[in-house]
Structure formats: C-alpha cells, structure tokens
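Notes for the one structure printed next.
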Amino acid sequence: MVSAGKSAWIPHAVLLLGLALVVFPVYVAFVASSLPLQDILDAPMTLVPGPDLLANYRDALALGTAGTNGQPVAAMMLNSLVMALAIAIGKIAISLPSAYAVVFFRFPLRRLCFWAIFVTLMLPVEVRIIPTYKIAADLGLIDTYPGLVLPLIASATATLLFRQFFLTIPDELVEAAKIDGAGPWRFLIHMVIPLSRTNIAALFVILFIYGWNQYLWPLLVTNTPAMTTIVIGIRQMIGNGDAQTAWHLVMATALLALLPPIAVVLAMQRWFVKGLIEPEK
C-alpha cells in the first residue's frame, strides 16, 4: 500500500510538470501585456504584473498597432469569430447528411462516393490552395466572408466520424421507424440528429478551433485591413527590420485571441468529453 501510494506521485508529478510548461509562457505573456513597452525591452523582464494592464488591453481592442494599419483587435476577433462559427456549422451541416446518405440509402456507386470523400483526407488545403484561390477570385469572393468560409466547409473527417457512428445505430430502430411511417427526413431529424448530439458537440469544438486558428487561407484571400483575422493580425503586429514591435500590445492581443476557444471548450466541455469517450450513444 505504501509503495502504491508513493508511485501515485509519479504521474501527478509528470502532470504538474506538463502544466507548468504550458502555463508559464501564458503567464509571461500576461505579465508582458501589463507592462510598458520599455519595461519589456529592458532585460531581464520582470515577472511581476505591471500597472498598464487595462490600458494595454483597451488600446489593443480599440486602436490596434501600426502593423495592422490601426485596425482594432476587436474587429479582427469579430472576423475570426464569424469565420470559425461558419466553418464549424457549415462542416457539420454538410457532413451529417452526407454520412446519413452513405449509410442509410442504397444507390449506385455508393461505396465509390464514400471512398472519393475519404481519399480527400490526403489532400490538405496546402495541396489545392492554388486552384481554390483561382476559383474564389473568379467568383469575386476575395475580401468577403464567403471567400473565407466556403472553401473550408467541406470535411471528409467529419463525414467519416458521422458515418462510423451511424453504423452503430441498430437496424431494429430503422425498421421500427419505417413501420411507424417515418420517412428519411423525419428519421434524420427526430432520431439520428438527437442520437448524434454528443458527436455534434465534440466536432463543433474541434472545428471551431480549426477555423479560429486558420492562417494560410485567410492570408491569401484577404487583402484589406477590414477583413483581417486575429491570427493574421498578430503576425502583422510583429515588426520587420527596423520597425519596433509593440510587444505589450502583441501579448495582450495573443491572450485575447485565446478567450473565444477557451470559452467554447468550457461551455461545451461535458458534451465534448462524452462525444469523445462514449462508444455507444
């Protein structure tokens, strides 16, 4: 018993070490976001929060920096929020009926359609970036919300995950629905979607963070400051060459960029965990 109690400290120590490695850089960013710029540039930087916390966050939210052409962080966060929500909702809205059709309908080349969707998992955005940009430009989608969202909403991963769950739905439930006179849409809306709510919640969290962290596609498809997303904005704030970086505002912006994903994870934590660990719903 004693040795077992002592050995229990090993995983706890590893967890605490991992937590420290994750939290310490965030704490350093928090401290830097509360200091005047000169205090950050003076080495070594203090690890005690400074007096300019509220002022720095207010300036970042309302004014931005020279690197963002004065575009406020609040506007960039709004662009990222619209993009992340639209991508998450769009991917689920497309993937769920796609998987439903592949599992519950019998039509010619059904397996070929599924494998065609599955193969696209090997084609990341970077591989098809040039033709995708050409199509977006021809359709006039540059510097628009549809241009940010539409090329990214198709998801083979979400389709595959929904398909795997739908295969666990008992055939008896499908037959009972048919006997009760439920058509395909009624069965989808009243049976399949309620059974899939934990999967939907887990995928929503993952896809929201995916959309929020997008860098390459927004970098190509947006040219005006008004459409800049928060990830692009943070990069623009970091000066090049002789340009001085307002590190106090950069750190404040970086911490502000963490808040929406954290809020989504905390709000949907229970459903997210259930969607990941429950083998059957």
Which one of these does ILE189 not meet: (1) in contact (Cβ under 8 Å) with a residue 40 or more places away in the chain; (2) β-branched (Val, Ile, Thr); (3) over 30 Å from MET77 (Cα atoms)?
-> (1)
Which one of these is buried (at least 16 other Cβ atoms within 10 Å of the Cβ), in contact (Cβ under 8 Å) with a residue 24 or more places away in the chain and outside any helix (DSSP H, G or I): ILE232, ILE169?
-> ILE169
Can you tell me which residue among SER155, SER196 is within 30 Å of ILE129 (Cβ to Cβ), among the hydroxyl-bearing types (Ser, Thr, Tyr), touching a residue at least 40 places away in the same chain (Cβ under 8 Å) and crowded, with 20+ Cβ neighbours inside 10 Å?
-> SER155
Please give the number of the condition SER80 fails out of (1) closer than 12 Å to ILE230 by Cα; (2) among the polar types (S, T, N, Q); (3) at pLDDT below 90.
-> (3)
Within region 62-100, considering residues that are of a type in the set (Gly, Ala, Ser) and out of contact with any helix residue (DSSP H, G or I) (no Cβ under 8 Å at 6 or more places or on another chain), the one nearest to LEU161 (Cα to Cα) = ALA93
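The values are calculated or read from the model by the stated rules, or taken from the named source; none is laboratory data. Just so you know, these numbers come straight off a predicted model, no measurement behind them. Cβ: placed from backbone, ideal geometry, glycine included. Neighbour counts: every protein chain shown.
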